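Undergrad: Attaching a single structure in structure tokens format; questions to follow.
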Amino acid sequence: MRALVMLLCLLAGLKIWTQDHLYRTATADALIKAYRARAIDACEKGGAATATTVLPSSPLAAGTWTEPAAVKLVIGRPDVDVHIWDIDNPLWETRFKHPHLVLSGGGSDLVCAYGVVAGLATVSRL
């Protein structure tokens, strides 16, 4: 009887993990599909709507984002200097809550993080 209960607990845990994994994967795929073109456009433009640390007109950044090597969804931006307990900081949600699409440039060490909520792109080196 104990083995049956352990088996049922294991199956329940596996079911919960599978549902969570499928939900997160589908959500990430949908957000990437919906915002990929905007992210590429924001990373290519540079302009006034973008906060950049590497100038988009530099030879390293030119044409890097039209066909990015990899696009992944990340929740929060680790480069924002905010501690988890500093919840009154206006950048707390940017650091820990907002989704960002991270585009990796093919053949270069440049990375562009596009904030889905703010609509801003930040280009930086790895």
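Undergrad: Six or more apart or on different chains, Cβ under 7 Å: which pairs go from a residue in the stretch 69-87 that's on the phi > 0 side of the Ramachandran plot to one that's surrounded by 10 or more Cβ atoms within 10 Å (Cβ to Cβ)? Could you list them?
TA: Close Cβ pairs satisfying both conditions: GLY76/ARG95; GLY76/PHE96; GLY76/LYS97; GLY76/HIS98.
Undergrad: For a quick check of your reading of the model, give me the residue pairs whose first member lies in the stretch 31-46 and is more than 11 Å from TRP65 (Cβ to Cβ), whose second is in a helix (DSSP H, G or I) and at pLDDT below 95, with beta-carbon atoms closer than 9 Å and at least 6 apart or on different chains.
TA: ILE32/ALA39
The values are calculated or read from the model by the stated rules, or taken from the named source; none is laboratory data. Note that this is a predicted model, so its numbers are computed, not measured. Methodologically, a virtual Cβ is constructed for each residue, glycine included, from the backbone with ideal geometry; neighbour enumeration extends over all protein chains shown.
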